[in-house]
Amino acid sequence: MSGITPPWYASVMTRSGTAALERCGEWVGAAITLPSYVTGEGAPFRPTAMMWVEVETGWVLGTELVRPDEVLARAAGLFHLATREPAMGRSRIPSRLRVADPTFAAALRGSIRDVEIVVAPTPEIDEVVASMREHFAGKRRDDEDRDEELTHIGPDMSAEDVGAMFAAAATLYRSAPWNALPSDMFVRLECAGLGPDPGAICVVGQMGESYGFSLFRTVADAEVFTAAVEANQPGEQLRLPQHVMFNFDNRREVPTWAVEEIAKYRWEVAGPDAYPRAVMIDPDMVARGLTRDETRTVTEIMIAVAELVTAKRQELIRLEEVMEDGDVDSVRQVVHRAEVKTAWGETAIGMVAPLWVYRTRPEADDLLDAFERSPGGKQYAADAEMLCEHVETTFDVPFEAMTPDEMRALLLDVLPRQLSVEATECSEIVEALRALLAFCATRLSSAHSAACLSILTPALATKFERAMRDENKFGPAKTIIMAGIRAGFDLSSEEGVEAYLQQVVKRGPPTTKKKKAPAKKKSTPKAAKTKPARKRR
């Protein structure tokens, strides 16, 4: 790619400008990720255009396409090349160079000492970027007109690889998973192709159109996707995690080149509405074809999901009825393990439905009720409600979406600041937390809860107890309430609270430590006061 002069900036460079001097004014520099992929050189990647624009003239004086991992290492060298061999005018060097990325600036400062380098917005680059996007949009249109240049077969693939995917897609289409799986429901996946963490798939087409699925490498990606889609406003650019989008298209919507290639290799298609199309979608909505490894994983998962639907159809159909009632305790997870055989070899794929993700979870009360009715859950009910309340209030996420970092903050900062109980009760709180995490990890297939459970070690529990004893961490409300508890007031009763408040008004908070009341409740995070018995919110 080195030395390529792309045509998209030719029109920018033809604008009139002033005569160049040996030492000129200001340039702006940028490294722009291009909206297309390079394939055939290992894993697909989107090249970066390193460019230098002269502010006074608006000319693009230098541009070079590099691999994304070469940007910082080659930045200074490409800048010096642009000064010696600019695309327009005589050799010159700017007095000032402006870039928007601090990391980019740091890489340049190490080798460019005679130019002032500042970090500030670079709106001058926007015109060039718009020209780039227009060029690549036109290139895609031209490619569609040149059917003979397009193919389903990627650089590292064979016709047999694509044929295996088509056959799996036909099997999936005939199983009609959209008639068995509830809409907006995710299925948890465990397979080697997705990596060490569980992934997720969401089948679409329950409304009788747009059949297909979205596949996510991790459960966390599925959660981010769901939250982003629901929060998106009309006209806003979606920012989604990378995922596979798979659709079944009607024959009339398929390009001529694709139909002819399918016929040439006799790839299997289940019907006129079942022409498969799979693409990998980037966070900025740039699409590319799948690699051979990705094609293999998608093929294996389609076979597994078709087997799940065939073997567990009635159980899956009943899920929708139960989910519509909102009674999470009545949901019986559908679990299936498929032994998939393809030309690539054999693999096992585990599936669990439903998988609750952010904003598709049951209401908090339903979660707590189900937990309380689970084996051993009743003894932790009060602490479980307190924990859910603090997590949702502090982090604005449901309990099962709490990350390990958030759990550390909960134990070492939030509860020590807000929760008005003696440190001797920490072991009970940790036991309740562990039980609720285990429930969410198994019953709701929450990858976040499983990750939190893995770090809830005795060492972390000890740090939690130490933090709960540290009065320097107490918030103002907790300081007052703990003084009342230690002075002997029973703050679990209205009478005790009233008596304490009267003393506070008359004398200020007590400072004498007395034997604490035998019965206490956990405080709410907002008011740091004693909590009544759990009720539905």
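Numbers at a glance
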quantity	calculated
Backbone N within the stretch 263-302 under 16 Å of label point (7 Å from Arg252 Cα along the Cβ vector)	272-275
Label-point separation, Asn472 to Leu238 (7 Å along Cα→Cβ), nm	4.9 nm
Sparsely packed GluC sites (Glu not before Pro) within the stretch 389-493, loop by DSSP, other Cβ within 10 Å at most 16	Glu422
Potential lengthening between Asp405 and Ala76 on full extension [0.36 nm per residue; Cα-Cα distance subtracted]	114.7 nm
Net charge of neighbours whose Cβ lies under 14 Å from the Cβ of Ala176, counting Lys and Arg as +1 and Asp and Glu as -1	0
Efficiency of FRET between Arg174 and Lys378 - r from beta-carbon atoms, R0 41 angstrom, step 0.05	0.30
√(5λ) per eigenvalue of the Cα gyration tensor, the stretch 154-261, largest first, Å	25, 19, 16
Computed over the stretch 239-295, Kirkwood Rh from alpha-carbon pairs, angstrom	12.6 Å
Cβ-Cβ FRET estimate between Arg46 and Ser95, R0 fixed at 45 Å, reported to 0.05	0.85
Peptides ranked, highest mean first, by Cβ atoms within 10 Å: ranges 213-224, 104-115	213-224, 104-115
Bins of 10 Å from zero: percent of alpha-carbon pairs in the stretch 41-118	17, 52, 25, 5, 0
Cα gyration tensor, the stretch 179-238 - rounded (a/c under 1.5), prolate or oblate	oblate
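All of the numbers you see were taken from the coordinates with simple rules; none came from a lab. All values reported here derive from a predicted model rather than from experimental measurement. Glycine also receives a Cβ, built like all others from the backbone with ideal geometry; neighbour counts cover every protein chain displayed.
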